[in-house]
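The values are calculated or read from the model by the stated rules, or taken from the named source; none is laboratory data. Remember, predicted model here, so these are calculated numbers, not experimental data. Cβ coordinates were reconstructed from backbone atoms using ideal geometry, including for glycine residues, and neighbour counts include every protein chain displayed.
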Amino acid sequence: MIVFRLAWQSLANRWLTAMLTILAIAFSVMLLLGVEKVRTGARQSFADTISGTDLIIGARSGALNLLLYSVFRIGNATNNITWTTYQEIAQAPDIDWIVPISLGDSHHGFRVMGTTPEYFARYRYRRTHALEFAQGKPFADLFDAVIGADVAAKLGYKLGDRIVVAHGLGSTGFVEHDDKPFQVSGILAKTGTPVDRTVHVSLEAIEAIHIDWQSGARIPGQSISADEVRKMPLPPKAITAALIGLKSKLGVFRLQRAINEYRAEPLSAILPGSTLQELWSLVGTAETALAAVSVMVVVTALLGMVTMILTTLNERRREMAILRSVGARPGTILGLLVAEAALLIVAGVGLGIALLYAALFALQPYIDRVYGLYIAIEPLKPGEWTSLAAIVFAGILTGLLPAFRAYRLSLADGMTVRT
Amino acid sequence: MAIAQVKAVTPQAAPDIVTMSGVRFAWPRRDDFRLAIDDFKLTEGERLLLIGPSGSGKSTFLSLLAGIVTPQAGKIDILGTDIARLRGGARDRFRAEHFGIIFQMFNLLPYGSVLDNVLLPLSFSAERRKRASAGGTAESEAGRLLGKLGIAPSLIGGASAASLSVGQQQRVAAARALIGAPQIIIADEPTSALDRNRQQAFLDLLFEVVAEAGATLIMVSHDESLAPRFSRVVPLGEIARITTGGDAA
């Protein structure tokens, strides 16, 4: 078709503006889909913060609060669980494994968590990933500490470095357990979970650094040195929470009810998965804002395209008049301009998809390593195809605007070739 | 009775191919310009020169004649069809079928090749396509016309129209107007962008190919010195009455 070839040559003659328009659309599409991918990735990473744990127990409180302090190291426990109660619950027949955790101290803003070495074996994130040691090993000595990847990176710690734990949760201004320093025995690999921001020590160590303390302060005149405390028995008196794995998932609600109704002490048991969902629905409003911004960017790109077509329209009135004179109907001219808009849009969307996947393949490992955000590379979902179809449709609709203007101009110009 | 009059002045008694009567036209949203054509005829095979300065309604007259605009009242009978009664699409097809148009300048789509520019009208008229390819292919017919009009064969396939000189562009436009042998050739000041020598050369060629195709030529110009070459010369003001307040170039 000569008409289409000439229309194509006309567009090719304006290739620079056309390319820029396509690029603008491509970047906006890439942003829109990218935000969607990051959103899904963030949601998944969030939901994958803790896996393989069937129940988390703590002193009676709201489910969100318990999840926040036990998994995300945010906020404080309302109360502790006594060691006696812990041991009794640990006897429940459904339980496959149970790992106690004890919170309350900090190190330069990072939470210190007392636990057992089993924690490193039992904790799972991103469904099946176990914690891995980048360097060193779990704590063996009483004053050994295992630090998360962020702690090591931020504070520049190496294996064997000595660190002092502060009482309480601030980064400064608190009393420090400087009489009983710890030694870094292991550094965990990056996980993208709050584990990265945690200093892990043994439960006994937590007991040891508080042995000459009472009610949050040193007992005056009474000081027990680090060497002396090594010889003492250090049974934990209380813990903050415990992670539980069950032999069979079927027992989860029975055990949860049993714990919630535990008589000797008010306790709460939560299912981490469902509570994570609940928490995401709270923080998820930010993702709506993000999506709104990327929609605005797409709208801007479409407006840019209309502007481009409109500005070239004047110099193309000659084209229109010639086409009209050889017998083109105004509808043909309308069609050519809409086809041009459609071509630009489809090319932009196509390029946007290509750029997105290129960027995903290039950056995925880096994002995972640095931000602990795992963005799955998978084909576009039906919902995303729908958005893209909507963009193409909107683009063609906006393309009608200059097309109708050209139509009107070509009617008004009549036989005159305006230049 | 109008026919009787015409017969009286044309010895060969050739039929009228255009009859305009009682035509009233105003551009939409331009109240200050009105054009009225009470009676205008064009006879088959004529070489008509309409003389008129700019602002005399030349473009409007030609737009009405070619059916690009329709009058608010009146009759425009072309080859037995009242195009004022035709709907938009049919009028466009009619124009593609029966008219070849040459503008003052900027006749060609600058990005396209010479050949594509010449073949363009055939996309809109099956009849002209058929006629153009009667003796071979439409491409060979385009080549023949261009050759006759003095366009070197090397320019036809490859060169983009924008690389041609103004004179060459006008000759390519003439080839486009004539391909597929439309009955009426409209030329709107086709020589005004050319110098005197080239004007004569262009008109020689144009008359030659128009005669060969057996077409009727209607040309508009402000240049009265061209008059001797035409079979009839009419001041546009005698045909089209304009009531005006503004410009109507």
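Structure above, values below:
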item	result
Close pairs from region B:60-74: first more than 10 Å from chain A (Cβ to nearest Cβ), partner outside any helix (DSSP H, G or I) and surrounded by fewer than 20 Cβ atoms within 10 Å (Cβ to Cβ), Cβ under 7 Å, at least 6 apart	B:Pro71/B:Arg24; B:Gln72/B:Arg24; B:Gln72/B:Ala26; B:Ala73/B:Gly22; B:Ala73/B:Arg24; B:Gly74/B:Ser21; B:Gly74/B:Gly22; B:Gly74/B:Arg24
Every residue from region A:120-132 that is touching a helix residue (DSSP H, G or I) at 6+ places or on another chain (Cβ under 8 Å) and of a type outside the set (D, E, K, R)	A:Tyr123, A:Tyr125, A:Ala130, A:Leu131
Those strands (runs of 3 or more DSSP E) lying entirely in region A:127-193 with at least 2 residues within 24 Å of A:Ile211 (Cβ to Cβ)	A:144-147, A:182-188
Residue within region A:327-348 that is in contact (Cβ under 8 Å) with a residue 60 or more places away in the chain, crowded, with 18+ Cβ neighbours inside 10 Å and hydroxyl-bearing (Ser, Thr, Tyr) present	yes
Flag for A:Gly173 being on the phi > 0 side of the Ramachandran plot, modelled with pLDDT of 90 or more and surrounded by fewer than 16 Cβ atoms within 10 Å (Cβ to Cβ)	no
Among the candidates A:Ser223, A:Ser268, residue that is in contact with an Asp or Glu (Cβ under 9 Å, 6 or more places away or on another chain), hydroxyl-bearing (Ser, Thr, Tyr) and not in a helix (DSSP H, G or I)	A:Ser223
Residue match in region B:161-172 (condition: surrounded by fewer than 19 Cβ atoms within 10 Å (Cβ to Cβ), assigned to a helix (DSSP H, G or I) and aliphatic (A, V, I, L, M))	yes
Selected residue (only one of B:Ile78, B:Ile101 is buried (at least 23 other Cβ atoms within 10 Å of the Cβ), farther than 16 Å from B:Leu178 by Cβ and touching a residue at least 24 places away in the same chain (Cβ under 8 Å))	B:Ile78
Restricting region B:96-134 to residues that are small (Gly, Ala, Ser) and within 8 Å of another protein chain (Cβ to nearest Cβ), the residue that is farthest from B:Ile186 (Cα to Cα)	B:Gly112
Residue list for region A:227-278, restricted to those being modelled with pLDDT under 85 and either polar (S, T, N, Q) or surrounded by 15 or more Cβ atoms within 10 Å (Cβ to Cβ) (or both)	A:Val229, A:Leu234
A:Asp196 modelled with pLDDT of 85 or more, of a type in the set (Asp, Glu) and in contact with a Lys or Arg (Cβ under 8 Å, 6 or more places away or on another chain)	yes
Pairs where the first residue, in region B:162-181, is within 13 Å of chain A (Cβ to nearest Cβ) and under 9 Å from B:Gly100 (Cβ atoms) and the second is in a helix (DSSP H, G or I) and of a type in the set (Gly, Ala, Ser), C-beta under 9 Å, 6+ apart	B:Arg176/B:Ala142; B:Leu178/B:Ala213; B:Ile179/B:Ala132; B:Ile179/B:Ala138; B:Ile179/B:Ala142; B:Gly180/B:Ala132; B:Gly180/B:Ala138
Conditions (1) farther than 16 Å from A:Phe404 by Cβ; (2) in a helix (DSSP H, G or I); (3) at pLDDT below 85: number failed by A:Gly327	(2)
Enumeration of residues in region B:132-155 that are in a helix (DSSP H, G or I) and either without any contact (Cβ under 8 Å) to a residue 40 or more places away in the chain or loosely packed, with under 12 Cβ neighbours inside 10 Å (or both)	B:Glu139, B:Ser140, B:Glu141, B:Ala142, B:Gly143, B:Arg144, B:Leu146, B:Gly147, B:Pro153, B:Ser154
Lone qualifier among A:Ser70, A:Ser106, A:Ser102 - being under 20 Å from the mean Cα position of the chain (by Cα), among the polar types (S, T, N, Q) and over 20 Å from A:Ser248 (Cα atoms)	A:Ser70
Qualifying residue in region B:180-192 (condition: in a helix (DSSP H, G or I), farther than 20 Å from B:Leu226 by Cα and not aliphatic (A, V, I, L, M))	no
Any hit, region A:5-17, residues being part of a helix (DSSP H, G or I), more than 14 Å from every other protein chain (Cβ to nearest Cβ) and aromatic (Phe, Trp, Tyr)	no
Set B:Arg91, B:Arg95, B:Arg129: member being within 26 Å of B:Leu203 (Cβ to Cβ) and either buried (at least 24 other Cβ atoms within 10 Å of the Cβ) or in contact with a helix residue (DSSP H, G or I) (Cβ under 7 Å, 6 or more places away or on another chain) (or both)	B:Arg95
Which listed residue is assigned to a loop (DSSP other than H, G, I, E, B) and either closer than 23 Å to A:Thr332 by Cβ or touching a strand residue (DSSP E or B) at 6+ places or on another chain (Cβ under 7 Å) (or both), from B:Gly74, B:Gly100, B:Gly67	B:Gly67
Matching residues in region A:279-319 - criterion: being within 14 Å of chain B (Cβ to nearest Cβ) and loosely packed, with under 14 Cβ neighbours inside 10 Å	A:Asn314, A:Glu315
